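Report on the following structure.
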There are 2 protein chains.
Amino acid sequence: MELYKIHPQHYVAVDCVIMGYQDEEIKLLLYPRSFEPYKGKWSLLGGFVQDDESADNAAARILKQTTGLEQIFLEQVASFSVPNRDPEARVISLAYYALIRIDLHDEERVKENGAYWISISKLPNLIFDHQEMFEKALIKLQQKAGYSLIGTELLPEMFTLIQLRKLYEALFQREFDPGNFRKKILSLGVLEKLELKDVSESKKGAFYYKVKNNIDEVGKDRIVKF
Amino acid sequence: MELYKIHPQHYVAVDCVIMGYQDEEIKLLLYPRSFEPYKGKWSLLGGFVQDDESADNAAARILKQTTGLEQIFLEQVASFSVPNRDPEARVISLAYYALIRIDLHDEERVKENGAYWISISKLPNLIFDHQEMFEKALIKLQQKAGYSLIGTELLPEMFTLIQLRKLYEALFQREFDPGNFRKKILSLGVLEKLELKDVSESKKGAFYYKVKNNIDEVGKDRIVKF
DNA sequence: ACAAAAGTGTTTAGATTACACCCATGA
DNA sequence: TCATGGGTGTAATCTAAACACTTTTGT
């Protein structure tokens, strides 16, 4: 301990890139900062790491405080530590990203926090380095898609392959060939076809699928390009 | 500032996974910890983030202090923040990895620090979560190989494709088909063939190559599987 | 000439893309 | 029956892996 004492300590924060999916768009949960400096400017949801929790736990705590959701997919993005990134004080921030179902979150709680869901195609300027946090989170997510079926965290338990494709199109900001997308996804072997159709979009109806129960891991060897 | 004051501050450290290449093996720079607890146990090279530097700068500083090298490829691995990971005090650590040429480093300095180069195939037990830091660093590096010519930081300016293959074999801990490896690497279009041969390994001699000068980025679209 | 390392070519299997085509059904 | 979205099939192109083959040169 003596040896450590000569070193400075720092505030350590976590900032969460909370992504949801609604109206065929990826949205971020953002709130207008309630105090100076940059009062009113848009910010990711964040908080400080306390003495008795890991940064992972802090991120999960913030996610629960702001959305009411627990047991959510959360992953580290990167650390941000330029000394003056927050002009108020030296704060080292660890960025995380989370994928949640907007339809399940606690709307009351979000309102209390003054937070809003904003489409990533219409993002306002964000404070500090929050824009960069979002960009890195999105890149991480896209890379992950190559070896794992991502994004099902953003959809209901049951979904059609058309819904899944729309989600991927929102995530990658480009279109996919319907036939090829279907084959690629099914070739991963992680989806189970249900004997139930979504007839809201067409007369024929599209079969619902769900993620198989016994999926430990999509084959690590199997890499798919999107 | 007032708003931040209610939050705790923490020691923030950086730990560096410093990789080098020698005798057809990837080696890590490690040193036996000089104080309790875990005195004598092997540790990555690390240090504390100071008030006036980013974590990236701190990692570069530590790399320079221990190897004498500057302007080195350094990348974030992940953060490690379980409250009791260091039993002595609460320390949040940001792991980095670096690739250096062992033949260029300052041997005197390494000796002063009591550090040693140890092959990754014979790693001793490391303190705290340093083993995990190394494992994550290696995975990051392997992934990076898919879209970028990595590892040339570990070799001299000029190298033969055979030398490069041996390096990749050490990095991935498996063998590559000599013919296919050659075609795959050359297809990236980032190497320039020199009119000079390495005749130390064979009578015929192997042409030296170097990385082309005007390489901004290996095509982001081109993804190669290793 | 031949051994040994360097380098090239060929074949097969699988993945990716573009796109044509068939299917089911309500209006 | 026909328009519409859902779903299947196929040919052309590209990539990866296995492995046979050719080149070069000192001894």
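A few points about this structure:
- Cα→Cβ-extended label distance, 7 Å offset, between residue B:103 and residue B:119, nm: 2.0
- Distances in nm from residue B:116 to the matching label points in the other copies, shortest first (labels 7 Å along Cα to Cβ): 6.1
- Distance from the range A:63-100 to the range B:10-44 (C-alpha centre basis), Å: 28
- Between residue A:65 and residue B:82, the modelled labels are 2.5 nm apart [label points 7 Å from Cα along Cα→Cβ].
- Helix B:161-172 vs. chain B, principal-axis angle (Cα, 0 to 90°, nearest 10): 30
- Inter-chain shielding of A:81-93 (mean C-beta neighbours from other protein chains, 10 Å cut-off): 4
- Taking a ≥ b ≥ c as the square roots of the eigenvalues of the alpha carbon gyration tensor, chain A is prolate, as a/c is not under 1.5 and a/b beats b/c.
- Loop-located GluC sites (Glu not before Pro) in the range A:22-124 (DSSP state not H, G, I, E or B) with no more than 14 neighbouring Cβ atoms inside 10 Å: A:24, A:70.
- Ascending list, in nanometres, of distances separating the residue B:202 label from those of the other copies (7 Å, Cα toward Cβ): 5.7
- What separates the residue B:35 label point from its copies, with the point 7 Å along Cα to Cβ, is 3.4 nm, written shortest first.
- Max mean-square fluctuation residue, GNM over chain B, Cα-Cα springs under 10 Å, options B:158, B:19, B:133: B:158
- On the beta carbon distance between residue B:180 and residue A:5, with R0 = 51 Å, the FRET formula returns roughly 0.35.
- Exposure proxy ranking, count of Cβ atoms within 10 Å, fewest first, for A:141, B:186, B:94: B:186, A:141, B:94
- The range B:152-211 - percent relative contact order, Cα under 8 Å, separation 6 or more: 42
- Order of B:35, A:207 - criterion: other Cβ atoms within 10 Å of each residue's Cβ, fewest first: B:35, A:207
- Extension gain from residue B:157 to residue B:23, taking 0.36 nm per residue of separation minus the Cα-Cα distance: 46.5 nm
- Angle between chain B longest axis and helix B:55-67 axis [Cα atoms, degrees, rounded to 10]: 70
- Spin-label pair residue A:197/residue A:224, simplified geometry with 7 Å Cα→Cβ offset, distance in nm: 2.4
- Antiparallel content of DSSP bridges confined to chain A, in %, to 5: 75
- Taking the number of Cβ atoms within 10 Å of each Cβ as an exposure proxy, the fewest-first ranking of B:224, A:91 is B:224, A:91.
- Most mobile of A:205, A:20, A:68 in a GNM of chain A (Cα contacts under 10 Å): A:205
- Taking Cβ atoms as reference points and 14 Å as the exclusive limit, the residues near residue B:80 contribute a net charge of -4, counting Lys and Arg as +1 and Asp and Glu as -1.
- Net length gained if the chain between residue B:36 and residue B:132 were fully extended (0.36 nm per residue, minus Cα distance): 32.4 nm
Bear in mind these aren't lab numbers, they're just calculated from the coordinates by the rules spelled out. Just so we're clear, the structure is a prediction, and the values are computed from it rather than from any experiment. Positions of Cβ are backbone-derived with ideal geometry, glycine not excepted, and every protein chain shown enters the neighbour counts.
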